[in-house]
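The values are calculated or read from the model by the stated rules, or taken from the named source; none is laboratory data. Just so it is clear, the model here is predicted, and its values are computed rather than measured. Cβ coordinates were reconstructed from backbone atoms using ideal geometry, including for glycine residues, and neighbour counts include every protein chain displayed. Accessible surface is based on the protein model in full, side chains and every heavy atom, while ligands, DNA and RNA are left aside. Shrake-Rupley method; radii C 1.70, N 1.55, O 1.52, S 1.80 Å.
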Amino acid sequence: MTIRRVPFDEIPQSLRDELTKAGLDAGEVYDAVELALDEDLPSVAPGEMPSEDVTSVATIAPDAAATGVFAAREDGVVAGLGVAELVFAYVMGDSVTVTDRVKDGSKVKAGDVIMRIAGPTRGLLTAERTALNYASHVSGVATGVAAWTEALEGTGAQVLDTRKTLPGFRALEKYAVRCGGGANHRMSLSDMALVKDNHIVAAGGAVQAYEAVRFAYPDVPVEVEVTTLEELSALLDAGCGRIMLDNMSTAMMKEAVEITAGRAVLEASGGLTLDRAREVAETGVDYLSVGALTHSVKVFDIGFDLSEG
């Protein structure tokens, strides 16, 4: 079948509002969905034969209708279901109905129905994979983050993401982090300065780099990475309010917390694992930043099962 390619302003307002309320740019999500569908059914020039889902066209009557369910095949936290719904709306417009969709960030068990979709059978099967790709990936991030959130419960520390995101998926992956109970670090290179080892080398020292950023961008938050307690002390004396403890041992982080004595926010980073999460949090650091939340995602297993009528 050919897809309807429903224009953005014809996508249900309630769905667009929901995405916006979640902290996503609904227009950007729509554009991403459009590109994703183009991978399966590329746009063609006027006058050319439209690209079609040849399998569905060959095997399914044009007037056939069905209902399908998205069901969790494992325990976890689901997210991205609003994006999945947008996929179906883009393909089929008002001929599709979505019900029983659970709220993003919900914990589910294997076998739970998380969304029910009714509409033309050809359309359901044409949209299925793209919708599952979004929901499975975003739910995978949320599920992984939830495990860290649980491990840190009661410590006062929170898990943070990084910019180690799949290109083009940053907003969705960082949204998934929030759904899993984590917090977002900077979204881009411009909303926060993060002075790391190469900046320190280029500037001639950690304090010099910190002061250079404060001079150039006095209103931008600054965080500086340190590897030694001497660097930490020097930055505290310089007034740095946020410091990243890079690849420090647990004992060294505990000493860093004692030296800091509340004068700065401390973020542990580098090679952190879930097995070590609570041990690190109990040193008294404020945050644990973990690139693996987004760069090493285990896809959450969601199935789509169809029934006639």
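Against the test of being of a type in the set (Asp, Glu), exposed (fewer than 14 other Cβ atoms within 10 Å of the Cβ) and within 30 Å of ILE60 (Cβ to Cβ), the options ASP237, ASP305 yield a single qualifying residue, ASP305.
Among the residues that make up region 43-56, is at least one of them of a type outside the set (S, T, N, Q), touching a residue at least 24 places away in the same chain (Cβ under 8 Å) and closer than 30 Å to GLU173 by Cβ? Checked against the condition, which is being of a type outside the set (S, T, N, Q), touching a residue at least 24 places away in the same chain (Cβ under 8 Å) and closer than 30 Å to GLU173 by Cβ, region 43-56 yields at least one hit. Checked against (1) assigned to a loop (DSSP other than H, G, I, E, B); (2) touching a helix residue (DSSP H, G or I) at 6+ places or on another chain (Cβ under 7 Å); (3) not acidic (Asp, Glu), PRO218 passes all but a single condition, namely (2). The residue list LEU172, LEU194 contains one member that is farther than 19 Å from GLY23 by Cα, aliphatic (A, V, I, L, M), in contact with a His (Cβ under 9 Å, 6 or more places away or on another chain) and open to solvent by less than 30 Å² (accessible area, probe 1.4 Å), which is LEU194. In contact (Cβ under 8 Å) with a residue 40 or more places away in the chain and touching a Phe, Trp or Tyr at 6+ places or on another chain (Cβ under 9 Å): which single residue out of LEU245, LEU235, LEU274, LEU266 fits that description? Unique residue meeting the criteria: LEU274.
Taking the listed residues GLU150, GLU173, the one that is out of contact with any helix residue (DSSP H, G or I) (no Cβ under 9 Å at 6 or more places or on another chain) and acidic (Asp, Glu) is GLU150, with no other qualifying. Among the strands (runs of 3 or more DSSP E) confined to region 61-159, the ones with at least 3 residues that are in contact (Cβ under 8 Å) with a residue 24 or more places away in the chain and either at positive phi or open to solvent by less than 10 Å² (accessible area, probe 1.4 Å) (or both) are located at 65-72, 113-120. A search for C-beta distances below 9 Å between a residue of region 288-309 that is within 30 Å of PRO120 (Cβ to Cβ) and among the charged types (D, E, K, R) and any residue that is open to solvent by less than 70 Å² (accessible area, probe 1.4 Å) and in a loop (DSSP other than H, G, I, E, B), counting only pairs 6+ apart in sequence or on different chains, returns ASP301/GLU74; ASP301/ALA110; GLU308/ALA64. Of everything in region 48-60 that is in a loop (DSSP other than H, G, I, E, B) and open to solvent by 90 Å² or more (accessible area, probe 1.4 Å), the residue that is nearest to SER95 (Cα to Cα) is MET49.
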